[in-house]
1. At what distance in nm do the modelled label points of Glu81 and Asn501 sit from each other, each positioned 7 Å from its Cα along Cα→Cβ?
2. What is the calculated FRET efficiency for Leu98 to Asp327, with r their C-beta to C-beta distance and R₀ = 56 Å, to the nearest 0.05?
3. Between Asp423 and Leu267, what is the FRET efficiency for a Förster distance of 35 Å, r being their Cβ-Cβ separation, to the nearest 0.05?
4. How do 280-286, 576-582 rank on mean C-beta neighbours within 10 Å, highest first?
5. If I stretch the segment between Leu186 and Arg316 completely, what's the gain in nm (0.36 nm per residue apart, minus their alpha carbon distance), one decimal?
6. Among Leu442, Ile344, Ser322, which residue has its Cα positioned farthest towards the positive end of the charge dipole of the range 270-579, with +1 placed on the Cβ of Lys and Arg, -1 on the Cβ of Asp and Glu, and the dipole taken about the Cα centre?
7. Quick one: length gained pulling Asn168 to Asn547 fully straight, 0.36 nm per residue minus the C-alpha distance?
8. Dipole magnitude of the range 270-579 about its Cα centre, charges +1 at Lys/Arg Cβ and -1 at Asp/Glu Cβ only, in debye to the nearest 20?
Amino acid sequence: MSLISQNVGSKNRVKRSNADEPAFLGVNNSNADADEPAFLGVNNSNADEPAFLGVHKDDEGRIESDLVLSKTKKKRKERDELLEKQLEIEEGKEMKKLENFLFGSLYSPVEFGKEEEKKDSLSFFLDRSVGSVEPGHEEDVELMKESDIEEERKAVWLDEEEEKTKVNIAKVNRLRKLRKDEDESLISGSQYVSRLRAQHAKMNPGTDWARLDSQSRNDGLSDDELSDEENGIVLARGYKNDNAYDDILRTNEDLVVKSRAKLLPGLLEYSRLVDANAEDPSNGPINSVQFHQNAQLLLAAGLDRRLRFFQIDGKRNTKIQSIFIDDCPIRKASFLPDGSKVIIAGRRKFFYSFDLVKAKVDKIGPLVGREEKSLEVFEVSPDSSMIAFVGNEGYILLVSSKTKELVGTLKMNGTVRSLAFADDGQQLLSHGGDGQVYHWDLRTRACIHKAVDEGCIHGTALCTSPTRNLFAAGSDSGIVNIYNRDEFLGGKKKPIKTIENLTTKVDFLKFNNDAQILAVCSHMKKNSLKLIHVPSFTVFSNWPPANSAIHYPRCLDFSPGGGFMAMGNAAGKVLLYKLHHYDHA
């Protein structure tokens, strides 16, 4: 608004007041013009002089009032916005309370310390976000932690009466396997529970892929913990060394007790598994079964002229391959110890070699200069370098496993019935019709020792142990003599033990991998298979199984780790057993 318009407006207002307006504050209007009143003692005697002072002060009042109104509106707006924000905050808090009540504190921790929430809050809380403790409350928090640990440590299966209870594990047959020593009988209840747990762990081992290796277990362990682990004691983190806790909490290895290396006599722990050749049984007697060095592959061969390979897992025993040999009923088949080839022989003047890598069958023979009509009995040296065949008239034929050519012969006084290698293939033992056991040095091709097998007229079977330097000799009368080879070579002719549990001709002998079990069988009688506990030279009383006939046994083999035992019979089946004492196949 311009100054002129303001003056015009003020003059009009002055004219409307005219003489009716009284004199303010003693202003003299006697001589004034009717159109111009006097304000605040201003002398308006001169009509031509405009009154600018009164107009300017009025405008300032209007401006001030406008400013006050605008500030008031702004404050009211700010107050409204603040109220809206507070309402939103309150609504958010209410929503969070409802969420926490329904679903728990999922999104943000509960806030503490506000006065308005004290009435509705709980009587205590645990601040897990910062780990700070108010002064004066450290002892309470420590007590709470110790009480929580005590509650976690207490196991629900512990029973105070176990220590008072005594269990006789020698009286009940099924509990004898829990003994650590042969003379042990009474044990406490806690020991009984721990041994049952250990037995369960042994019979149900975990898978290898789920176990952490020793390197990953040692990562993050202190020197003290590593030294404890070497001593066989490993405490779980967060626990103190307290003798009251069971060993199950102290280690992640075998539960409570470790597996024993010593096989106990009396009862053999075993279980029957699915037949090894269940997917493809033989139509004739099984004459050979043998595990490959990887313990997963098993060959089975017999008079049906088929060589079958199975993958042994104890559940399905999947068939891998079958090979048909047209012109040779198989009397014996054997892996080379290096696992590369299989030697196959029968009552023929030739034999076969099957290459596992190339899947190729080669026919070898007849041997140059020899007239043998049968090469069905042979043995392969442990170093895979030589094959020894039983020949005619007491001859032993030595054939190179690489060239498949005859490289030498050995001559006995009587007929040869059985062979066995010793000293990693450097020596050869032979047994036969004259009842004597011969020792041959294959480096010089000379006989270094021979002696009569006590009580033997005709020797029929021979076997050497992979350890302990033992050998066993069987005869046609069913007698099996066990000798220490060093003592036998030194001139001692008395066997350390004579086994008389068979009544018919001994056809097969086999030691297991650690020479704690000796298998003795005869083809001429049903169930005539005995397992000998070698350390005590006693027969396992629960073998053969009473409730399941094994028919006429023909051959047998133990897996490289001792966990499996496969037995072929005349019915064309390969029975498979698991020996629980051994952890690995």
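1. For Glu81 paired with Asn501, the spin-label model returns 10.0 nm.
2. Numbers: r = 88 Å, r/R0 = 1.58.
Computed FRET efficiency for Leu98 and Asp327 comes out at 0.05.
3. Working: r = 35 Å, r/R0 = 0.99.
Given R0 = 35 Å and the Cβ-Cβ separation, E is 0.50.
4. Working: 280-286: 17.9, 576-582: 20.3.
The most tightly packed comes first, giving 576-582, 280-286.
5. So the extension gain works out to 42.7 nm.
6. Result: Ser322.
7. Details: separation 379, 0.36 × 379 = 136.44 nm, distance 2.71 nm.
Between Asn168 and Asn547, full extension yields 133.7 nm more.
8. Rounded to the nearest 20 debye, it is 440 debye.
The values are calculated or read from the model by the stated rules, or taken from the named source; none is laboratory data. Values in this document were obtained by computation on a predicted structure and should not be read as measured data. Ideal geometry is used to build each Cβ from the backbone, glycine not excepted, and the neighbour counts take in all protein chains shown. For the accessible areas, the whole protein counts, side chains as well, though only heavy atoms, and no ligand, DNA or RNA atoms are used. Shrake-Rupley method; radii C 1.70, N 1.55, O 1.52, S 1.80 Å.
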